[in-house]
1. Working only within the range 174-188, note down all residues that are of a type in the set (Phe, Trp, Tyr) and surrounded by fewer than 24 Cβ atoms within 10 Å (Cβ to Cβ).
2. For the range 327-428, give me every one of the strands (runs of 3 or more DSSP E) that falls completely inside it and has 1 or more residues that are open to solvent by less than 20 Å² (accessible area, probe 1.4 Å) and touching a Leu at 6+ places or on another chain (Cβ under 7 Å).
3. If I filter the range 126-135 for residues that are in contact (Cβ under 8 Å) with a residue 60 or more places away in the chain and either surrounded by fewer than 15 Cβ atoms within 10 Å (Cβ to Cβ) or under 30 Å from Ile406 (Cβ atoms) (or both), do I get at least one hit?
4. Looking at (1) open to solvent by less than 60 Å² (accessible area, probe 1.4 Å); (2) outside any helix (DSSP H, G or I); (3) small (Gly, Ala, Ser); (4) modelled with pLDDT of 60 or more, which one does Gly99 not meet, given that it meets all the others?
5. Does Arg405 satisfy being at pLDDT 90 or above and on the phi < 0 side of the Ramachandran plot?
6. So which of Asn582, Asn634 is of a type outside the set (Gly, Ala, Ser), surrounded by fewer than 19 Cβ atoms within 10 Å (Cβ to Cβ) and at pLDDT 70 or above?
7. Which residue out of Val73, Val31 is over 19 Å from Ser115 (Cα atoms), modelled with pLDDT of 85 or more and among the β-branched types (Val, Ile, Thr)?
8. Report yes if Ser463 is open to solvent by 30 Å² or more (accessible area, probe 1.4 Å), among the small types (Gly, Ala, Ser) and modelled with pLDDT under 70, otherwise no.
Amino acid sequence: MKYYHIAILSCLLLAASGAEAGKASRWDKAVKCADKKMQQKYYVAAADKYEHILAAPCSRDTAWRDSVYSVKVKLAACYMKMGNSIKAESVYGEIVKAGKAGTQTTFDYARTLQSNSKYAEAKEQFEKVANDPALKGKMPMEFAEVSDKGLHNNHKNTFHIERTAFNTNATEYAPAYYKKGLAFTSNRAERGQASERIMWNKEPFTDIYTVQEDGKGDLNIIDKLPGAINSKLNDGTATFNAAYDEIFFTRNNKKNKKHDQLQILHSTFNGSEWSTPELLNFEMEGANYAHPSLSPDGSMLYFSSDMQGSGQGGMDLYYARRNGSIWETPINLGPQINTSGNELFPYMAADSILFFTSDGWPGYGGLDVFHARMEGAKFGKVHNMGVNFNTAKDDLSIIVDSKNRIGYFASNRDGDDDIFSFSFPAPAKEEKKEEPLYSATLIDASTHDPITNARVEVADPRSPGEGAFYYTNDKGVMYYDKKVKSTDVVRVGKDDYQTQTISGASITDKGTVDVNMVAEKRVKEDVHHPYTAILYYDLNTSNLGTASRDTLREVVERMKDPKNVVYVSGYADQHGSDTYNNGLSLRRVKEVVDYLAAQGISTLRIRSAYFGTVKLSQECMKDKNCVEETNRRNRRVEIKIASEQ
């Protein structure tokens with residue numbers, strides 16, 4: 001986690017002579033002065049003042065004991081913020097041994113022990129406060145369990161991790177994919193120079209660098225990102241679009257004299273230079289915005305913020321949807337992801353897995369890397385990357401190439417923050433599943449021919465948006481390993497056939513479901529309110545623009561008739577691979593379905609399918625370089641409302 005602070009203030013120091021009242025007055029002033037530094041996150045300065053206070057003769061007076069231990073708690077916290085877990089453990093240990101540690105201090109002491117790889121002692125301290133209601137939401141028992149895993153590391157499925165060759169003895173972190181290499185954040189050029197420094201740890205300011213492949217394919221060619229991106233302030237943690245002509249990055253704001261703020265800036269490349277960076281439209285005064293990360297299709301920006309009103313505590317993860325040239329109101333990722341601690345450095349991989357850094361989820365010490373898969377409109381369970389990836393120190397800012405099962409991240413496991421490459425463990429051999437393998441065979445009742453490419457949905461009506469979707473093969477058979485619950489509904493359908501639903505209760509004890517799909521009496525149009533609509537998209541986008549939302553509001557109104565069902569079909573143009581276009585058309589459909597479900601329309605009344613490039617216009621089927629306006633008609637979602645009789 002990187003915050004940037006630069007202001008220098010003066011304060012009174014403690015004098016150790018005079019009457020008791022005078023000593024008390026000077027003590028209070030000195031503590032308040034140090035407290036102010038700590039509130040401003042100037043941890044080095046605060047720690048220095050707390051040390052001077054504790055060195056004063058009156059600090060050894062028994063009458064001052066409670067005040068002394070209060071100062072020690074703050075000093076230990078400063079040491080942790082400065083990354084000095086050894087000193088922090090020593091001070092926390094004094095407090096605990098003296099019996100002066102409250103619940104939170106004991107918890108913090110346990111976290112410090114973790115950071116020094118003392119997992120047995122950490123587990124003992126976590127267990128002491130495991131049932132204390134004051135720590136509700138901080139998961140001390142889960143931290144104890146993780147500490148136990150740290151004690152019994154068996155190194156199975158070990159990641160292959162290597163320190164990259166372009167690291168220096170300075171700070172390097174926040175890798176980002178950029179052209180044939182990476183962009184990253186570093187203070188290497190400022191080391192040893194009389195530069196402005198971050199007040200919380202006295203480190204020099206950072207800039208954004210790039211490292212590209214040389215003639216041998218090794219990452220060796222290093223440069224600062226040119227132009228207006230790097231400033232006299234701290235610049236770092238960048239993310240780029242797929243064309244590498246758009247950048248979002250973090251910079252500290254020096255305008256506020258009382259304290260600094262982190263901001264996300266945006267710039268575009270016109271072929272020769274980067275434009276002057278500008279703030280995003282949703283950023284507000286008084287809040288920090290940091291660690292931007294674009295989704296693979298560029299339609300969503302994930303970031304970390306402490307904005308008031310919607311957070312879970314500390315720095316939380318948010319996302320904002322792109323709507324033309326502006327960004328919509330940020331949405332907090334909620335308690336499925338965010339904790340009372342700090343969640344930082346988000347990265348949404350191409351396979352819909354969100355990776356992020358946290359000190360709130362149970363980890364092995366300091367910051368750890370976690371991941372959670374997007375399931376429908378929600379995130380699934382959060383997983384720690386494990387004891388073979390995370391260490392007792394800070395592990396952070398991961399990026400992942402899902403296709404090749406490789407990536408990069410930063411860690412101070414060897415001292416300073418450095419960038420490491422890694423590859424995931426080889427997939428484990430599949431074991432025979434204990435759960436039954438279900439299959440559905442779909443045949444035409446009249447011709448007895450198999451029905452191919454029919455859509456099968458297995459979903460619980462009580463959990464909209466969390467179903468699983470499958471398609472039949474060329475023999476009309478669909479296999480699926482999702483355990484069917486009695487509350488599930490299995491729905492099968494295809495154009496020209498009557499949609500059928502089957503109760504999960506009727507198949508939970510069977511391994512096969514044979515479904516005869518009867519040639520349908522076509523679903524009748526709602527003759528009173530016939531309705532069709534098409535939503536169009538810009539290249540490589542899936543987010544809903546203003547015009548699309550206006551159209552969907554009309555759909556919501558028409559769906560107030562309980563007899564109506566809505567058909568949503570997604571398509572893409574021929575740019576990109578078939579795999580990419582299938583995924584893009586799916587994301588377009590999902591955006592529409594999620595919007596309708598959020599407006600209270602049951603997913604049982606929504607029929608959705610995605611087709612990739614199956615239905616290109618005739619002109620584009622003949623010529624891949626068809627005119628843009630014609631190609632735009634291929635980037636669409638078709639909506640049809642009908643009355644189900």
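1. Tyr177, Tyr178 - these are the residues of the range 174-188 that are of a type in the set (Phe, Trp, Tyr) and surrounded by fewer than 24 Cβ atoms within 10 Å (Cβ to Cβ).
2. Those strands (runs of 3 or more DSSP E) span 343-348, 353-358, 368-375, 395-401, 406-411.
3. no
4. Condition not satisfied by Gly99: (1).
5. no
6. Going through Asn582, Asn634 in turn, the sole match is Asn582.
7. Val31
8. yes
The values are calculated or read from the model by the stated rules, or taken from the named source; none is laboratory data. Small disclaimer: the values here were computed from a predicted structure and weren't measured. Every residue, glycine among them, receives a Cβ derived from its backbone with ideal geometry; neighbour counts consider all protein chains shown. Just the protein is used for accessible areas: all its heavy atoms, side chains included, with ligands, DNA and RNA removed. Shrake-Rupley method; radii C 1.70, N 1.55, O 1.52, S 1.80 Å.
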